[in-house]
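See below for the structure under consideration.
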Amino acid sequence: MDDTTHTTDEFVIKGIAAAPGIAMGPAYLYTKQVPRVERKPILPDEVEAEIERLNAANARSEKELRKVLAFAEQKLGSDSAKIFEAQIMILTDAILMGTIKKRIAAELINAEFAVTDEVNKYRQMMLASPEEYMHERARDVDDVVNRIIRNIRDQKLFSKLEGASIIVSETLAPADTVIFSRNQILGYATDLGGVTSHAALLSRSLKIPAVVGLHSATKQIKTGDFLAIDGYAGALIINPGADTLKILQARAERFLAFEQQLAGIAALPADTLDKKHIELSSNIEFAEEIVFAQLQGSEGVGLFRTEMQLIGRAEYPSEDEQAALYAGVAEAAFPHPVLFRTFDVGGDKIAPDGQHEENPFLGWRGIRVMLDRTDIFLDQLRAILRASTRHNVRVMFPMVSTVTEVQRAKALLKQAMEDLKRRGIKYDTRIRVGVMIEVPAAAVMAEQLAAEVHFLSIGTNDLVQYLMAVDRGNDAIAPLFQPFHPAVVRTLRHIVEAGHRKNVWVGVCGEMAGDPLATVFLVGIGVDELSVIPPVLPEIKKIIRSIKLKDAKRVADKVCALHTEREIRAFLSSIIKNKVPEIPFDL
Ligand code: PEP
Ligand code: MG
């Protein structure tokens, strides 16, 4: 796929929008010195000195990282700074360092090689994972190794820049992002990395526009080149012409004005003009995100992806460990509800005991795994129940395709309750239970599923994938991943109506819930809740507050009568432009 376009000498490289905002200024090409490490023999009487060099380098690396940690804590808060604690943990891991030292002595090899080779084993395991998140963590490990090697070699750390610049680099380690932020950084543009990279998360916290995944930016840019980055659209423009600069400037002003307008909205209810309340909550993956979600005006957590705890682990966490995590999240969200989704492992997601499957998306995934691994499932259900004493915890099952699966999951929930009762531990005996509607079979059977539970939550990411037979992660067929396909919108309406016939609440927690183009339609078909990523919360609330339910219903009727996704998108765009003209949703 061609991801570059040319005009005269202006040159656009498309990437992934990682942190919003627009920046313009000179480039600073940050080429990281990736140390070349060779295996070198040492003499037996040099072993002690070699180990001493390693100890000294470790101590220096730890000191550097502690400084970064302190700086990050002050700038970002202690939760975001945790990445650096994790890096320090690698450095101070007695078993790892012990193995490295043993190898230096037994194999008579230099410290640089022993460190690189030993840590590489972990790195390879991470890179072999199908999870993009694990690849990002592998880069964090690289950062620790490079730091130790630089210190073994007694080289200086670079962190000073001349004037305000846009940093262009192959990749940015979290520590680079924080250290650079002491300088005047206008923006970040990197060849590698996805939106889940910690550098991306940090630049969002630091409010520095960033575009990642630009592939070859470092090959096409020199220090001093004039650049613009568009952190909303995910584009890097080299030598932007006067017209482009004007457009970007106007765009930046529009977004800024829009952000200011949204500033006061967090405290207001997500009510339509005719007072239909929509529960507006957030999708989160880590407990630390809840603070930001609340600042954005979230009413609770509509999807807590519990499987994220499994990243980087060889074993499932114990009941106690999970109970502590869930109780913390439930406490932070109180009095609002938290929907804990039970482990959705398999597919493209992490699974400690995952097996290779020819067709993982159609394989052993979500509730299917948990119903086979009841020991793990019961641990998790007990942990969720233990967090439910204040009655704001809900539990939901992912990847359900049959009524029997729900009945079996509920029976296990009952068993978990009995276990706790026997142990004298308190829990919410009337905990609300729901299923995610993500599989076409579940969508068709929504009414029968609704009869079994208290709520349905539609996972549009998977529902679109399975309805359209389009792998949600495959770029080559991305245009066919159509949340506004007539089959999808009609299915969504069917699910909501089916749920309401059984008097259960129906929410949407897939990405579509956070797409401003979808809001009027979703309200119009009668959804009770939208659970979205925290950054888009104010924007979605603004739309809800600008419409009447009766108008939204008419919009939904019209949408369901159209025949192509193109027509539906065009129609919904025109509605938003009329209703909320200042929403820069199409940019
Ligand atoms: C979904 O499928 O829409 C969903 C919310 O779950 P996930 O993206 O975690 O699969
Ligand atoms: Mg899903």
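The values are calculated or read from the model by the stated rules, or taken from the named source; none is laboratory data. Values in this document were obtained by computation on a predicted structure and should not be read as measured data. Glycine gets a Cβ as well: all are built from the backbone with ideal geometry, and neighbour counts include every protein chain shown. Surface accessibility is based on the protein's heavy atoms, side chains included, excluding ligands, DNA and RNA. Shrake-Rupley method; radii C 1.70, N 1.55, O 1.52, S 1.80 Å.
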**Study point:** Computed lengthening from THR92 to ARG501, 0.36 nm per intervening residue step minus Cα-Cα distance
**Key:** 141.4 nm
Point to revise | Two-site FRET efficiency, ARG554 against TYR122, from Cβ-Cβ distance with R₀ of 45 Å, rounded to 0.05 | key: 0.20
Review point. So how compact is the stretch 241-360: Cα radius of gyration and Dmax in angstrom?
Key: 20.1, 60
Check your understanding: Dividing the convex hull volume of the alpha carbon atoms of the chain by its residue count, what do you get in Å³ per residue?
Key -> 165 Å³
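Only bridges with both residues in the stretch 279-579 count here: give the DSSP antiparallel percent, nearest 5.
Bridges in the stretch 279-579 that DSSP calls antiparallel: roughly 5 percent.
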Revision key, fill the gap. With a ≥ b ≥ c from the Cα gyration tensor eigenvalues, square-rooted, and the rule rounded for a/c under 1.5, otherwise prolate when a/b > b/c and oblate otherwise, the stretch 279-579 is prolate
**Study point:** FRET efficiency, ASP271 to ASP45 (Cβ-Cβ, R0 60 Å, nearest 0.05)
**Key:** 0.15
Check your understanding: Going by the alpha-carbon gyration tensor, a ≥ b ≥ c the square roots of its eigenvalues, is the stretch 422-488 rounded (a/c under 1.5) or, if a/c is not under 1.5, prolate (a/b greater than b/c) versus oblate?
Key -> prolate
Check your understanding: Suppose R0 equals 35 Å; then what is the FRET efficiency for ASN578 and ALA451 from their Cβ-Cβ distance, rounded to the nearest 0.05?
Key -> 0.30
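Ignoring ligands, DNA and RNA, what accessible area per residue does the stretch 225-323 give at 1.4 Å, in Å²?
With the other protein chains kept in place, the stretch 225-323 gives 44 Å² per residue.
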Exercise for review: Find the centroid of the Cα atoms in the stretch 247-285 and in the stretch 53-115, then give the distance between the two in whole Å.
Suggested key: 42 Å
Exercise for review: First compute the accessible area of the stretch 44-152 with a 1.4 Å probe, then give the percent of it belonging to carbon and sulfur atoms.
Suggested key: 58 percent
**Study point:** Whole-Hz couplings from phi, Karplus 6.51/-1.76/1.60, listed for the stretch 365-373; x for Gly and Pro
**Key:** 9, x, 4, 4, 5, 5, 6, 8, 10
Point to revise | Gain upon complete extension [PHE571, PHE226; 0.36 nm per residue less C-alpha separation] | key: 120.3 nm
Practice item. Find the accessible area per residue for the stretch 44-152; the probe is 1.4 Å, ligands and nucleic acids are left out, and the unit is Å². Key: 47 Å²
Review point. For the stretch 434-587, what is the accessible area per residue in Å² when the probe is 1.4 Å?
Key: 37 Å²
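Pick out the long, greasy-scoring helices in the chain: whole DSSP H runs spanning 20 Å or more along their own axis by Cα, mean Kyte-Doolittle at least -1.0.
Membrane-span-like by this criterion, though nothing is claimed about a membrane: 47-76, 111-128, 132-152, 242-262, 319-333, 403-423, 486-501, 565-579.
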**Study point:** Gyration tensor verdict on the stretch 458-562 (Cα atoms; rounded if a/c is under 1.5, prolate if a/b is larger than b/c, oblate otherwise)
**Key:** prolate
Check your understanding: Per 5 Å bin, what percent of the C-alpha pairs of the stretch 44-152 does each bin hold, from zero upward?
Key -> 2, 12, 21, 22, 18, 13, 7, 3, 1, 0
Revision key, fill the gap. Looking only at lysines whose Cα falls under 28 Å of LYS502's and that sit 8 or more positions away or on another chain, we get LYS275, LYS276, LYS410, LYS414, LYS541, LYS548, LYS550, LYS553, LYS558
Practice item. Counting only DSSP beta bridges with both residues in the chain, tell me the antiparallel percent, nearest 5. Key: 35 percent
Point to revise | Spin-label pair GLU321/LYS102, simplified geometry with 7 Å Cα→Cβ offset, distance in nm | key: 2.3 nm
